[in-house]
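Chemist: Got a structure for you, written out below as structure tokens; questions coming shortly.
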Amino acid sequence: MLETIYILWLRQIKRYYRSKSRIIGSLGQPLLFLLAFGYGFGPIFQKAGEGNYIEFLAPGIIAMSILFTATFTGIEIIWDKQFGFLKETLVAPVSRFEIMLGRTLGGATVAVFQGLIVLVISLFAGFKIESTGMFLTALFFMALIAILFTAFGTSIASVLEDMQGFQLIINFLIMPLFFLSGALFDVQDLSPTMAFITKINPLAYGVDGIRGALTSKLVFGFAKDFLVLGVLVVVFMAIGSYLFDKIQI
């Protein structure tokens, strides 16, 4: 079992990083948000007495990079369906759960790598890690976000046959998740409606965990962040495994 998962994990990573244009393209939007919002709203944020906006924004943009990369790895399932590659994998004498788990972990690893690249770029943009000793905690929350949304993307891709439909559905879902996660604004002192929406947004807990680890600014607390993300990872892995097992070949 472990050998199968390892092979599929490694294959997924090699497949993604074989395309340099894909790597560069996936960094375009996070960099645009980091520079445009960071330097655009930075003076306003500073005048309001909130300090350096880049330091507040960077953890949210790191989470954004992971979110987009992780979710869109699901499109590879639809691609493989259309060109028959998935059939070759599914007829192998291994369980579909192992296949799904290997692909999910591979996609999540790629997403974490992308998040780390954005983190390094953020350092050049003026972001400062308050406690390097908490870096592993930030990496842990990055991994949870990556696994959760890779499983989420796999779940959706398992029931779709059209790549265009997948892109439309994913964009419809993940853009609100990002904008309402507290990545761009402080979730404290929000209106009751906005506060409720933020609290039911799983990405908000990932952003809070990363921001808390890198800048010591926590809203929900590490325990709650871990609990919410951990439960959702298990739930979506189960859903993804069930839907992936139902794929017809």
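Chemist: Could you work out the local net charge near Leu214, counting Lys and Arg as +1, Asp and Glu as -1, over the other residues with Cβ closer than 14 Å to its Cβ?
Modeler: Result for the neighbourhood of Leu214: -1.
Chemist: Could you work out the local net charge near Lys199, counting Lys and Arg as +1, Asp and Glu as -1, over the other residues with Cβ closer than 13 Å to its Cβ? If you can, show how the numbers build up before the last one.
Modeler: Working: positive: Lys224; negative: Asp208, Asp225.
Computed value for this residue: -1.
Chemist: Enumerate the calculated ³J(HN,Hα) couplings along the range 103-117 in order (Karplus 6.51 cos²θ - 1.76 cosθ + 1.60, θ = phi - 60°), each rounded to whole Hz, writing x wherever the residue is Gly or Pro.
Modeler: Per residue, the Karplus-derived 3J(HN,Hα) values read 5, 5, 5, x, x, 5, 5, 4, 4, 5, 4, 5, x, 5, 4 Hz.
Chemist: Around Leu229, with a cut-off of 15 angstrom between Cβ atoms, what is the net charge of the other residues, counting Lys and Arg +1 and Asp and Glu -1?
Modeler: Numbers: positive: Lys199, Arg211, Lys224; negative: Asp208, Asp225.
Surrounding charge for Leu229 is +1.
Read-outs: derived from the displayed coordinates by stated rules, not from any lab. Small disclaimer: the values here were computed from a predicted structure and weren't measured. With ideal geometry, Cβ positions are generated from the backbone for all residues, glycine too; neighbour counts draw on all protein chains shown.
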